[in-house]
Amino acid sequence: MTSARLQTTRPSDAERDRAVEILRDGAGLGRISHDTFVRRLHFVLRAKSRAELADATRDLPGGEGRVRVLLRRITKRLPRVTVTPYRAMPVVPSLMLPGPDAVPVRIGRGYAANFRLADDSVSRCHAELRLVGESWILADVGSLNGTFLNGLRITSPVEVRPGDHVRFGGVDFQLRWTAPSATTTLTR
């Protein structure tokens, strides 16, 4: 079709909606008065050609000439590409498993705990980590918000290993091994 024939063809509902949107934006920005908006709105709704729509919006930002109409049609047919922002994995602090001669580790918010976590989701006496034979055992000691091992809430004592993820209430840790010659420390 030639450009003259395109201008004389009847506008689609989508083209009318776009023209009304341009008029609404122009009135909202104060570029045209309310009376002008109403007059042009009636003109757009009764328009019999695309040229009449273009005349009603030509002096407003977003009023589209033939080139813009063509570009908009082309971009509508192009596939959409969505970009999701990169989110780095959160860094989980390490909880070092003490050496074999260590006392049981009581985890909590209160003074009885030898590993204190100042977080409201942690109970005063939350959990206990102790060495039984060759294995480390993690037990919840009646906490309100629970103790979790690798995403699952524990209800009885379970064996833990270095690399496991543990959560006390809302505080996450990854278990790490302390070499037997190293001092007994817990890091947060």
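List of remarks:
- Per-residue ³J(HN,Hα) for region 164-172, Karplus 6.51 cos²θ - 1.76 cosθ + 1.60, θ = phi - 60°, Hz, x for Gly and Pro: 5, 9, 10, 9, 10, x, x, 10, 9
- Each peptide among 125-132, 8-15, 93-100 gets the average number of other Cβ atoms lying within 10 Å of its residues, and from highest to lowest they stand as 125-132, 93-100, 8-15.
- Couplings 3J(HN,Hα) for region 156-161, derived from phi with the Karplus relation 6.51 cos²θ - 1.76 cosθ + 1.60 (θ = phi - 60°), are 9, x, 10, 7, 10, 9 Hz, where x marks Gly and Pro.
- Remark: spin-label model distance HIS165-GLU134 equals 2.8 nm, labels positioned 7 Å along the Cα→Cβ axis.
- With each label modelled as a point 7 angstrom along the Cα→C-beta vector, the ARG176-LEU71 pair spans 5.4 nm.
No lab work stands behind these numbers, since they all come straight from the coordinates. Please read these numbers as outputs of a predicted model, since none were measured by experiment. For neighbour counting, all protein chains shown are included, and Cβ atoms are generated from backbone atoms with ideal geometry for every residue, glycine included.
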